[in-house]
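So the structure is just underneath, and the comments pick up after that.
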Amino acid sequence: MSAKDSKETGPAEKVKAEEVKLIPVYVMGKRYYVPETLTIMKAMEYAGYRYIRGCGCRGGICGACATVYRKPGDYHLYVGLACQTVVEANMYLTQMPFYPANRASYDFEQLTSNPEEIFKLYPEVFRCIACNSCTKVCPMDVPVMDVISAIKQGDIARAATLSFSCIQCGLCVSRCLGELPQYHIAQLARRIYGSKIVPRAQHLIEAVAAVKGGKYQERLEALMKCDIKQLTEIYKAREMEPEMAGEDWTPAKRDYL
Ligand code: SF4
Ligand code: SF4
Ligand code: FES
C-alpha cells in the first residue's frame with residue numbers, strides 16, 4: 001500500500017466537491033477529506049492509497065480487507081470490512097491486510113472424522129477461555145466462540161455449520177486471548193464435515209461417473225476446435241436461468257446434463 005496526501009495528488013475518482021459532502025477521516029494518523037458516501041476502501045483510494053495487498057473481491061467475500069477503527073469519544077474498538085463499511089466523520093482507521101495465524105500441516109486423505117485428530121493438529125483449541133471476543137469482532141456474525149466450543153465437544157458438524165459464513169478475514173485471531181487460529185481450525189472442521197461426515201450426494205456421484213465415462217468428451221473436443229468468434233457465439237446463445245427463477249427451474253435443453 002502506498003499513500004500520498006489527497007491535497008497533493010487530487011482525487012482518484014471524479015467526484016464534484018459541490019455535490020458530495022467531504023468529511024475528515026484519519027488513516028494511520030493522517031487526516032484526509034473524503035466523500036461521506038464512500039466505503040473505507042474507496043475512501044482510501046480517493047485519498048491516494050493504492051491497494052497492492054488487503055483487497056480482493058471488493059464484495060465482502062474474500063476476507064482480505066479487515067479494518068479496525070475508533071471514533072472520537074468512544075472507547076469501543078470497531079472492526080469491519082473496508083469494502084463494505086462506509087466512512088464516518090473523524091474515524092481513525094487502519095487496515096490489517098494479514099494477521100498471522102499458524103495453519104497445521106496434514107495429509108487430508110489420512111484424516112478421519114474423529115475429533116481427536118483436530119485436537120492433535122490444533123491442541124491450542126483447549127486454550128480457549130470462552131471470553132467471546134472473537135464472536136464480538138466477527139464482521140460475518142459467525143458465533144466463533146460457539147464454533148470453538150463445538151470442536152472441543154467433538155461436534156464437528158455443528159462447528160462446520162456455525163462457521164459456514166467465515167471469510168477468513170483474521171479479525172477473530174487478532175483479538176483472541178487464547179491465541180487460537182480460529183479460522184484455520186473451523187476450516188478444517190468444515191473440510192472434514194464436507195468430505196467425511198455428510199453422505200455423498202447421489203447426483204454428484206452420477207455426474208462424476210458420467211464425466212469419467214466420457215459422456216461429454218465429444219462435446220468438449222468440439223469446443224476445443226472452435227475459434228474465439230465461435231466460442232463467443234456459443235456463449236451468447238446459451239440458455240440462461242431467468243431472474244427470480246424458482247428452485248424447480250431447469251433448462252429446456254437437458255441432453256448434456
Ligand atoms: S470467524 Fe474470524 S476469520 Fe472468519 S469471518 Fe469471522 S472474524 Fe473473520
Ligand atoms: S477469543 Fe479466543 S479465547 Fe476468547 S472465546 Fe474466542 S477462541 Fe476462545
Ligand atoms: S475486498 Fe474481499 S471482502 Fe473486502
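Values quoted throughout were computed directly from the atomic coordinates according to the rules given, and no laboratory measurement underlies them. Predicted model only: the values in this text are computed from it and were never measured. Quick reminder, even Gly has a Cβ in these numbers, built from the backbone with ideal geometry, and neighbours come from all protein chains shown.
Identify the chymotrypsin sites (Phe, Trp or Tyr not before Pro) of region 184-235 meeting these criteria: DSSP loop state and at most 13 other C-beta atoms within 10 Å of the C-beta. Hits after loop and neighbour filter: Tyr216. Relative to one another, the C-alpha centroids of region 175-253 and region 70-107 are positioned 33 Å apart.
Taking amide H atoms as placed 1.01 Å from N in the peptide plane, the amide H of Ile23 lies under 5 Å from those of Val34, Glu36, each 5 or more residues away in sequence or on another chain.
Of the trypsin sites (Lys or Arg not before Pro) found in region 190-257, the ones in coil according to DSSP and having at most 15 other Cβ atoms within 10 Å of their Cβ are Arg200, Lys215, Lys225, Arg238, Lys253, Arg254.
Each residue of region 123-131 was assigned a 3J(HN,Hα) from its phi angle through the Karplus curve 6.51 cos²θ - 1.76 cosθ + 1.60 (θ = phi - 60°); the sequence is x, 5, 4, 7, 7, 4, 10, 6, 7 Hz, with glycine and proline shown as x. Scaling the Cα radius of gyration of the chain by the globular reference 2.2 N^0.38 Å produces a ratio of 1.32.
With the Cα gyration tensor of region 148-231 giving a ≥ b ≥ c as the square roots of its eigenvalues, does the rule (a/c under 1.5 for rounded; else a/b larger than b/c for prolate; else oblate) give rounded, prolate or oblate? Note, shape of region 148-231 comes out oblate. By the beta-carbon count within 10 Å of each Cβ, the least crowded to most crowded order of Thr67, Thr250, Thr85, Thr135, fewest first, is Thr250, Thr135, Thr85, Thr67. Fewest neighbouring Cβ atoms within 10 Å first, the residues Thr39, Thr94, Thr112 line up as Thr112, Thr94, Thr39. As a rough footprinting exposure proxy, the listed residues Val20, Val34 were ranked by other beta carbons within 10 Å of their own, and the order from fewest upward is Val20, Val34.
Once you order the gyration tensor axes a ≥ b ≥ c over the Cα atoms, which shape class does region 20-59 get: rounded for a/c under 1.5, otherwise prolate or oblate by comparing a/b with b/c?
Oblate, since a/c reaches 1.5 and b/c is not below a/b.
Applying the criteria of a DSSP loop state and at most 16 other Cβ atoms within 10 Å to the chymotrypsin sites (Phe, Trp or Tyr not before Pro) of region 37-134 yields Tyr75, Phe98, Tyr106.
Taken about its Cα centre, region 22-66 carries a charge dipole of about 140 debye when Lys and Arg each add +1 at the Cβ and Asp and Glu each add -1 at the Cβ.
Among the cysteines of the chain, those with no neighbouring cysteine Cβ under 4.7 Å are Cys55, Cys65, Cys83, Cys128, Cys131, Cys138, Cys166, Cys169, Cys176, Cys226.
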